[in-house]
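Worksheet: the structure to be examined is printed underneath.
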Amino acid sequence: MPNYRRLRVPGGCWFFTVTLADRSADHLVRHVDALRSSVRAVRERRPFRIDAMVILPDHIHAVWTLPEDDADYSSRWYLIKLGFTRRLNTAGVALPPGRRRGERGLWQRRFWDHLLRDDDDYGRHVDYCHFNPMKHGLVDRVIDWPHSTFHRAVREGIYAPDWTGDAAQDRIGRE
């Protein structure tokens with residue numbers, strides 16, 4: 001069995017990728033309100049700052065900053081996953097069985113985490129979050145994806161609404 005070691009840095013800033021077990025599923029966007037409720041409930045009990053986040057059909061990318069005296073992001077993700085799964089179960093959404101008795105197989109068991117080292121690393125990962133829907137071909141313009149903190153960043157003047165341009169125009173220009 002692999003020995004997963006996670007860094008413990010109180011007040012750290014982290015990039016995460018959290019994925020559904022079935023990569024062809026779209027539960028995260030189809031039930032985005034349940035996911036948002038789960039995140040909100042966890043933040044009320046275990047605060048953290050969401051610097052960037054994008055919800056795609058089968059995975060989430062996020063940049064979080066934890067409180068100065070706290071390094072426990074794993075339990076936060078556990079609670080978000082648990083809360084979302086319970087909300088779907090309560091709503092009667094058919095979920096795949098898990099590998100263990102009583103477990104639901106909605107999520108991949110683990111997640112990817114990366115401690116952000118400096119401002120450049122931070123900027124690259126925030127950009128990655130916001131660009132991801134366009135990268136996956138879900139939209140032609142980043143601003144067209146509704147489940148992203150990109151909209152907040154535009155309101156705050158961090159990004160221009162037309163950041164990255166228009167993929168459809170790029171395709172037309174190459175033809």
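Please list, ordered by residue number, the helices (runs of 4 or more DSSP H) wholly in segment 17-103 having 2 or more residues that are on the phi < 0 side of the Ramachandran plot and of a type in the set (S, T, N, Q). Quick ask: steps written out before the conclusion?
On the way: elements: 27-30, 32-45, 74-90.
Of the helices (runs of 4 or more DSSP H) lying wholly inside segment 17-103, those with at least 2 residues that are on the phi < 0 side of the Ramachandran plot and of a type in the set (S, T, N, Q) span 32-45, 74-90.
Applying the condition of being open to solvent by 40 Å² or more (accessible area, probe 1.4 Å) and within 15 Å of Thr65 (Cβ to Cβ) to segment 10-43 and asking which residue is nearest to the chain's Cα centre (by Cα) yields Arg43. When Leu7 is tested against (1) out of contact with any strand residue (DSSP E or B) (no Cβ under 7 Å at 6 or more places or on another chain); (2) outside any helix (DSSP H, G or I); (3) of a type outside the set (D, E, K, R); (4) open to solvent by 50 Å² or more (accessible area, probe 1.4 Å), just one condition goes unmet, and that condition is (1). Asn3 passes every criterion in (1) over 14 Å from the mean Cα position of the chain (by Cα); (2) at pLDDT 95 or above apart from (2).
Quick one: is Asp162 assigned to a loop (DSSP other than H, G, I, E, B) and touching a residue at least 12 places away in the same chain (Cβ under 8 Å)? So Asp162 fits the description; yes.
Condition check ((1) at pLDDT below 95; (2) not aliphatic (A, V, I, L, M)) across all residues:
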{"position": "Gln108", "(1), (2)": "yes, yes"}
{"position": "Gly123", "(1), (2)": "no, yes"}
{"position": "Asp166", "(1), (2)": "yes, yes"}
{"position": "Ile172", "(1), (2)": "yes, no"}
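A single entry from Asp58, Asp51 fulfils the requirement of being touching a residue at least 40 places away in the same chain (Cβ under 8 Å), within 20 Å of His125 (Cα to Cα) and in contact with a helix residue (DSSP H, G or I) (Cβ under 9 Å, 6 or more places away or on another chain): Asp51.
Suppose the filter is crowded, with 18+ Cβ neighbours inside 10 Å, of a type in the set (D, E, K, R) and within 17 Å of the chain's Cα centre (by Cα); does Arg109 pass it? Reasoning before the result, please.
Numbers: crowded, with 18+ Cβ neighbours inside 10 Å: no; of a type in the set (D, E, K, R): yes; within 17 Å of the chain's Cα centre (by Cα): yes.
So Arg109 fails the test.
Here is the figure for segment 15-48: residues that are in contact with a helix residue (DSSP H, G or I) (Cβ under 9 Å, 6 or more places away or on another chain) and within 25 Å of Leu115 (Cβ to Cβ) total 13.
The values are calculated or read from the model by the stated rules, or taken from the named source; none is laboratory data. Remember, it's a predicted structure, so these values are computed and weren't measured experimentally. Cβ atoms come from the backbone with ideal geometry, glycine included; neighbour counts cover every protein chain shown. Heavy atoms of the whole protein, side chains included, go into the accessibility calculation; ligands, DNA and RNA do not. Shrake-Rupley method; radii C 1.70, N 1.55, O 1.52, S 1.80 Å.
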